[in-house]
Amino acid sequence: MDGIAPNVAISPNVAVLAESVIALRRILHQWPELGFQETRTSALVAEGLQALGMEVRTGIAQTGVLGTLRGDGEGKTVLLRADMDGLPIEEASGAPYASKNHGIMHACGHDGHTAILLTVAQVLAQYRKQFSGTIKFAFQPAEELPPGGAKGMIEGGVLEDPRVDAVFGLHLWNGLPVGKIGVDDGPIMASVDRFDITINGVGSHGAYPHTGVDPIVVGSNLVAALQTLVSREAPPLAPVVVTVGKFHGGTAFNVIPSQVELSGTVRTVDAGMREEMPKRIERIVRGITSAMRAQHTFNYVFGYPVTVNDVNRARFARRVAGTIVGDINVVSAGMSMGAEDMSYFLEAVPGCYLRLGSGNSDKEYIQPHHSALFNFDETALPIGVELLAQLSLSYLSGRD
Ligand SMILES: [Zn+2]
Ligand SMILES: [Zn+2]
């Protein structure tokens, strides 16, 4: 059948939905919505879950949706998570089902995640007499928009009543060919934090720099000095990124401005190192600005924590994934310095976040996530459905 990759073990209940999960993804792809504005998407999700006779909660963390499927009798509780938001990008993929919302695009694959999870709900609703325990389907807003939707979903109680014992989720991953599944234990994605710095100097004529204090020169020294946090202060084997992504100042070629503004991001995988970074950055900001006669303000905001997979859940997920794509195709997807608010779920409950291969160089699905040209091999979608369905059923049957 179209839509199913060869050499993949897909159960009949999933195989019959292979075309519908792709069709659903294309509908979602055409109507991407930004974080906390996913009203159309969450209405579609809520209707889909209600049609399956599930308990449905809406409006969690603004646009989040939770479906709860109770099996036959008492047992453990598993939560499956998908994110629903798009990005502020004008789509240039040329796909016939390209975005109809100008300036907004599903360029990360969250349309696929939502389509997969809604289809998993369809599959598992058919099995409700055959498992004991509870399966929760969490569709969260705003993964791309820190502080993100995951935290609000957790604060909104999605992990309680009944208490969740394990969480699973997946991300379509163009860095892996379709047919492969990436499972890693321990840290898999970095933390993401943000800093904002204002440097106040004294504006003057460009020809008479000695009459002012040039914040552009101070800022330039600062950008270079901040890199020593990575090259001279972090152990060479501990990944840290410090990026100044914004440096604004000045109005004319011959005027020294009075102020510049810098903003940047810090990525780490070590909690201790992460805690240290605000102090270290401020020490350099203070030192450089005072050495060069300027003033500063400094603000640091902790964003998503490190995404950490539980060792035992990862081992379990590797085994389940192997039954679908073959052990040889269950691989390490490596550590990414990107970040994810799935990390909040994994902080609260042991679980595993998997990377689902969706790249295909033959079909030119090679663009990176967040590119205006991004697209992925849709034959990954039924594999994702099978994967989350089997993870849930195996976990609830105690084979973890
Ligand atoms: Zn993304
Ligand atoms: Zn994403």
**Item:** Length released on extending from residue 366 to residue 128, taking residue separation times 0.36 nm less the Cα-Cα span
**Value:** 81.8 nm
**Asked** What dipole magnitude, in Debye to the nearest 20, does the chain give about its Cα centre under +1 on Lys/Arg Cβ and -1 on Asp/Glu Cβ?
**Response** 480 debye
**Item:** Angle in degrees between helix 110-125 and the longest Cα principal axis of the chain, rounded to the nearest 10
**Value:** 30 degrees
**Fill in**
For segment 276-324 the trypsin sites (Lys or Arg not before Pro) that pass both the DSSP coil test and the at-most-15 other-Cβ-within-10 Å test are 293
**Item:** Within segment 326-400, GluC sites (Glu not before Pro) in DSSP loop having at most 16 other beta-carbon neighbours inside 10 Å
**Value:** 364
**Asked** For segment 226-323, what is the charge dipole size about the Cα centre, in debye to the nearest 20, if Lys and Arg each add +1 at the Cβ and Asp and Glu each add -1 at the Cβ?
**Response** 280 debye
**Prompt:** Between 62, 346, 171, whose Cα lies farthest towards the positive end of the dipole of the chain when Lys and Arg beta carbons carry +1 and Asp and Glu beta carbons carry -1, centred on the Cα centre?
**Reply:** 346
**Prompt:** Could you give the accessible area per residue of segment 189-238, probe 1.4 Å, as a whole number in Å²?
**Reply:** 48 Å²
**Fill in**
Expressed as a percent, the accessible surface of segment 8-59 that is carbon or sulfur, using a 1.4 Å probe and the full set of protein chains, is 56 percent
**Message:** Give me, ordered by chain and number, the residues 5 or more places off residue 309 or on other chains with an amide H under 5 Å from its own placed amide H.
**Reply:** 186, 188
**Request:** Treating the angle as unsigned and between 0 and 90°, give the value, to the nearest 10°, between the Cα long axis of helix 18-30 and the longest Cα principal axis of the chain.
**Result:** 30 degrees
**Message:** Connecting C-alpha atoms closer than 10 Å in a GNM of the chain, tell me which of 288, 135, 383 has the biggest fluctuation.
**Reply:** 288
**Asked** Could you give the dipole magnitude of segment 1-155 about its Cα centre, charging the beta-carbon of Lys and Arg +1 and that of Asp and Glu -1, in debye to the nearest 20?
**Response** 460 debye
**Complete:** Percent relative contact order for segment 41-177, counting Cα pairs under 8 Å at least six residues apart, stands at 35 percent
**Message:** Tell me the carbon and sulfur percent of the accessible area for segment 264-400, rounded to whole percent, probe radius 1.4 Å.
**Reply:** 50 percent
**Message:** With a 1.4 Å probe and all protein chains left in place, how much of the accessible area of segment 116-160 comes from carbon and sulfur atoms, in whole percent?
**Reply:** 51 percent
**Prompt:** How many percent of DSSP beta bridges within the chain run antiparallel, rounded to 5?
**Reply:** 70 percent
**Residue-wise HN-Hα coupling along segment 190-204, computed from phi with Karplus coefficients 6.51, -1.76, 1.60 (Hz; x: Gly, Pro)** = 7, 7, 10, 10, 9, 10, 10, 10, 10, 10, 9, x, 10, x, 7
**Request:** Starting from the Cα gyration tensor of segment 26-128, take the square roots of the eigenvalues, sort them a ≥ b ≥ c, and report rounded, prolate or oblate (rounded when a/c is under 1.5, otherwise prolate if a/b is larger than b/c, else oblate).
**Result:** prolate
**Message:** Given a 1.4 angstrom probe, what's the average accessible area per residue across segment 257-352, in square angstrom?
**Reply:** 44 Å²
**Message:** As I understand it, the dipole of the chain uses +1 on the Cβ of Lys and Arg and -1 on the Cβ of Asp and Glu, about the Cα centre. Which of 212, 395, 139 lies farthest toward its positive end?
**Reply:** 212
**Item:** Under 17 Å from the Cα of residue 279 - aspartates and glutamates, other chains or at least 8 residues apart
**Value:** 193, 196, 233, 270
**Item:** Efficiency of FRET from Cβ geometry, residue 55 and residue 252, R₀ 56 Å, rounded to 0.05
**Value:** 0.35
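The values are calculated or read from the model by the stated rules, or taken from the named source; none is laboratory data. Only a predicted model underlies this, so the values are computations on that prediction, with no experimental measurement involved. We place every Cβ from the backbone using ideal geometry, glycine too, and count neighbours over all the protein chains shown. Accessible surface areas use protein heavy atoms only, side chains included; no ligands, DNA or RNA. Shrake-Rupley method; radii C 1.70, N 1.55, O 1.52, S 1.80 Å.
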